[in-house]
1. List every residue whose amide H lies under 5 Å from the amide H of LEU70, counting only residues 5 or more places away in sequence or on a different chain, with H placed 1.01 Å from N in the peptide plane.
2. Considering the Cα trace of region 85-195, what is its radius of gyration and what is Dmax, both in angstroms?
3. Applying the Karplus parametrisation 6.51 cos²θ - 1.76 cosθ + 1.60 with θ = phi - 60° to the phi angles of region 109-121, what ³J(HN,Hα) value in whole Hz is obtained for each residue in order, glycine and proline being reported as x?
4. Working out 0.36 nm times the residue gap between ALA122 and ASP80, then minus their Cα-Cα distance, what length gain in nm do you get to one decimal?
5. Restricting to region 85-195, compute how many DSSP beta bridges are antiparallel as a %, nearest 5.
6. In terms of Cα to Cα distance under 17 Å, which lysines are near enough to LYS114, apart from those fewer than 8 places away along the same chain?
Amino acid sequence: MSSCVAARDALFPFRVADASPASIISTSSALAASTAPAAVALYAVVALSCYVVIGGGAAKEEARASTAGLQLPYAAPVIDNKSTAYSRDLAAFLTARGAKMYGAFWCSHCEDQKELFGSGAAVPYVECFPDGWQRGAPLAEACANVGITGFPTWVMPDGAKLEGDKPLKELAEAAGFRAPPAEAADAAAQLDDLLGF
């Protein structure tokens, strides 16, 4: 069994041999309503890639033609983790200093970065595909103006770029954030948990 087939079977209950690119795309669209955008994008890429790899020459041409109009509508990710006093303070500090996280709604690493902060933290985020994604769509002007080439990319107050999802401690150090003493942070986090923030 090829690694492509093994990856497909492990991730998705979908049989590429029984499908066409059009059915893969329609399945991707149906999943978009109930699944995180990063998972839908991964589904579409794996399924279409496997279709092209497994299929013959005619199948490859059909796949290229069918994916020319592939679109992913914008869908903001749902962040499940709760923020802490530390993550909220760091997000506020980064915002006040002018740091920004540039990302894409379909990017799993961007979602991971937001999960590190938690749902209550106002991360200074700039979406590079606010109108959704399709082949050939340019980056949003704000992203293109600062030369974004990968996601997520943090642009710090001094202009330094940090690419990839980063631990909060690394972002804090890069921005010069000084955390409150551990006891105060723990007490604030406990109060936030008690109050449901």
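Taken together, the values in this text are just the output of simple stated rules run on the coordinates, not laboratory data. Quick caveat: nothing in here was measured; it's all calculated off a predicted structure.
1. When sequence neighbours closer than 5 places are left aside, the close amide H contacts are ARG135.
2. For region 85-195, the Cα-based Rg and Dmax read 15.0, 51 Å.
3. Using θ = phi - 60°, the values come out as 5, 5, 5, 4, 5, 5, 5, 4, 6, x, 5, x, 8 Hz.
4. The ALA122-ASP80 span can extend by a further 13.7 nm.
5. 65 percent
6. Partners within reach: LYS82, LYS100, LYS166, LYS169.
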